[in-house]
Amino acid sequence: MSVDAAEWTGPVSQRIRCCICGDDTAGADDYVVIGVITEQSSGEIQYLGAHAAHLEGAMARGFTVEVTLM
């Protein structure tokens, strides 16, 4: 089954708003999901959604975001 890039949700059941701009990510073909864990999280993962371009703009120099269709 092929999933359209504009509908892909990643490891969550629905798309998450962009954690950088706050806008809806529905229909965005550059949607990415970031999983954050800590030593104290007991294996729980906090997922963040973002537009790849916004995330890349917030990252330190030398880091890039590559969108790979899953």
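The values are calculated or read from the model by the stated rules, or taken from the named source; none is laboratory data. What you see is a predicted model; the values in this text were computed from it and never measured. Counting neighbours? That spans all protein chains shown, and the Cβs are built from the backbone with ideal geometry, glycine included.
Quick one: count up the residues across the range 12-43 that are outside any loop (DSSP other than H, G, I, E, B) and of a type in the set (Gly, Ala, Ser).
Of the residues in the range 12-43, the ones outside any loop (DSSP other than H, G, I, E, B) are 18, 31-36, 39-41.
When the remaining residues are screened for being of a type in the set (Gly, Ala, Ser), the result is 35, 41.
Adding up the residues that qualify gives 2.
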Residue list for the range 53-66, restricted to those being surrounded by 14 or more Cβ atoms within 10 Å (Cβ to Cβ) and modelled with pLDDT of 90 or more: Ala53, His54, Leu55, Glu56
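Got a number for residues in the range 49-70 being in contact (Cβ under 8 Å) with a residue 24 or more places away in the chain, outside any helix (DSSP H, G or I) and out of contact with any Leu (no Cβ under 9 Å at 6 or more places or on another chain)? If you could, list the steps in order and put the result at the bottom.
Taking the range 49-70 as the starting set, the residues that turn out to be in contact (Cβ under 8 Å) with a residue 24 or more places away in the chain are 49-51, 54-55, 57-58, 65, 67, 69-70.
Those still in the list that are outside any helix (DSSP H, G or I) too: 49-51, 65, 67, 69-70.
Next, from what is left, pick out any that are out of contact with any Leu (no Cβ under 9 Å at 6 or more places or on another chain): 49-51, 67, 69-70.
Within the range 49-70, residues that are in contact (Cβ under 8 Å) with a residue 24 or more places away in the chain, outside any helix (DSSP H, G or I) and out of contact with any Leu (no Cβ under 9 Å at 6 or more places or on another chain) number 6.
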